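Enquirer: Please read through the structure below; I'll follow up with questions.
The values are calculated or read from the model by the stated rules, or taken from the named source; none is laboratory data. Values in this document were obtained by computation on a predicted structure and should not be read as measured data. Reconstructed Cβ throughout: ideal geometry from the backbone, glycine too, with neighbour counts over all protein chains shown. Side chains are part of the model used for accessible areas, which takes the heavy atoms of the whole protein and leaves out ligands, DNA and RNA. Shrake-Rupley method; radii C 1.70, N 1.55, O 1.52, S 1.80 Å.
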Amino acid sequence: MKTLTKAVMTALVTTLAVPVASTSIMLVSAEPALAKGKDKDKERGGGKDKDRGAKSRGADKPSKPSNGNGAVRSTLKGANASNASARALEVASPNSRVGKAAAYRDATITAEETAATAEAAAAATEAHKANDPGITEADAQAAVDGLNDDLTTLNGEKTALQDELDALNEKTELTEEEAARVTELEGELATKDGEIAQTETDLAAAQDDLAEVQAFEEELARLEAEEAAAAAEAEAAAAAQHDSLLTLTDGRDISGDEAAMDELHGNLGL
């Protein structure tokens with residue numbers, strides 16, 4: 001009985017010892033696992049802390065100033081279609097928003113070209129005026145007419161003198177007084193010839209002046225007509241450009257908004 005009891009006791013102790021050992025092993029093994037779990041929680045918590053720190057630093061960092069493009073695009077509204085590609089602008093339907101942007105682009109180019117033409121025409125007119133001969137055509141014509149009258153008078157006087165001289169020379173014998181008159185007439189005829197020659201010279205100069213004035217006035221009239229036509233064309237083109245802008249913006253006149261117009265023209269390559 002004692003031997004059995006010892007055997008039984010030995011077996012019982014052995015049996016009880018195994019779970020205890022296992023339990024002890026499991027507890028030892030669980031500690032590193034719990035430690036790892038805590039480390040992961042710390043890491044996750046640290047990550048959240050980093051995120052919160054980054055967000056906090058981001059909140060302290062000043063934001064970049066707005067360039068106002070949002071406000072500009074808000075002003076343009078439908079006219080933002082001007083930002084379409086060059087190909088889209090070329091093939092767009094005239095009634096589409098992109099097509100209206102293309103029409104405005106073309107109208108603006110025409111307006112700029114006609115304005116430049118008008119400016120050049122005005123400059124040409126002013127440059128020509130700098131060559132003004134300083135006398136009007138009416139005054140030049142009056143000078144010519146007056147000199148022609150003088151020449152007619154001088155030639156008439158010369159004819160009278162020559163006739164008188166010829167009559168005296170036809171005589172076979174002259175009195176002393178007639179002889180003296182012949183000498184006097186010959187002197188007067190010489191003087192008259194000099195006056196006629198000078199008058200003819202003056203008349204030629206006056207005729208040149210008249211021709212110069214007439215050419216100046218004719219060219220001035222031509223240039224002024226071209227200037228007027230160019231100015232009218234530029235005015236019509238500017239009106240057409242404005243109308244096309246209103247068509248593009250649904251009747252809103254944004255021409256006074258410099259930023260919006262710069263954006264619109266930049267989009268269209270103007």
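Enquirer: Just wondering, is there one or more residues in the range 144-152 that are under 30 Å from Glu218 (Cα atoms), modelled with pLDDT of 85 or more, open to solvent by 30 Å² or more (accessible area, probe 1.4 Å) and assigned to a loop (DSSP other than H, G, I, E, B)?
Expert: Scanning the range 144-152 turns up no residue that is under 30 Å from Glu218 (Cα atoms), modelled with pLDDT of 85 or more, open to solvent by 30 Å² or more (accessible area, probe 1.4 Å) and assigned to a loop (DSSP other than H, G, I, E, B).
Enquirer: Filter the range 184-201 down to the residues that are within 22 Å of Leu168 (Cβ to Cβ) and β-branched (Val, Ile, Thr) and list them by number.
Expert: Listed by number, the residues that qualify are Thr191, Ile196.
Enquirer: Can you pull out the residues in the range 89-105 that are open to solvent by 30 Å² or more (accessible area, probe 1.4 Å) and part of a helix (DSSP H, G or I)?
Expert: Glu90, Val91, Arg97, Val98, Lys100, Ala103, Arg105
Enquirer: Related question: Quick check: is even one residue across the range 201-210 touching an Asp or Glu at 6+ places or on another chain (Cβ under 6 Å) and surrounded by 12 or more Cβ atoms within 10 Å (Cβ to Cβ)?
Expert: no
Enquirer: So Leu220 fits all but one of (1) free of Cβ contacts under 8 Å to residues at least 60 places away in the same chain; (2) in contact with a His (Cβ under 8 Å, 6 or more places away or on another chain); what number is the exception?
Expert: Of (1) free of Cβ contacts under 8 Å to residues at least 60 places away in the same chain; (2) in contact with a His (Cβ under 8 Å, 6 or more places away or on another chain), only one is false for Leu220: (1).
Enquirer: Sticking with this one: Taking the range 170-182 only, how many residues are of a type outside the set (Lys, Arg) and surrounded by 11 or more Cβ atoms within 10 Å (Cβ to Cβ)?
Expert: 5
Enquirer: Condition check: open to solvent by less than 70 Å² (accessible area, probe 1.4 Å), within 20 Å of Thr249 (Cα to Cα), hydroxyl-bearing (Ser, Thr, Tyr) and in a helix (DSSP H, G or I). Does Thr108 satisfy that?
Expert: It is true that Thr108 is open to solvent by less than 70 Å² (accessible area, probe 1.4 Å), within 20 Å of Thr249 (Cα to Cα), hydroxyl-bearing (Ser, Thr, Tyr) and in a helix (DSSP H, G or I).
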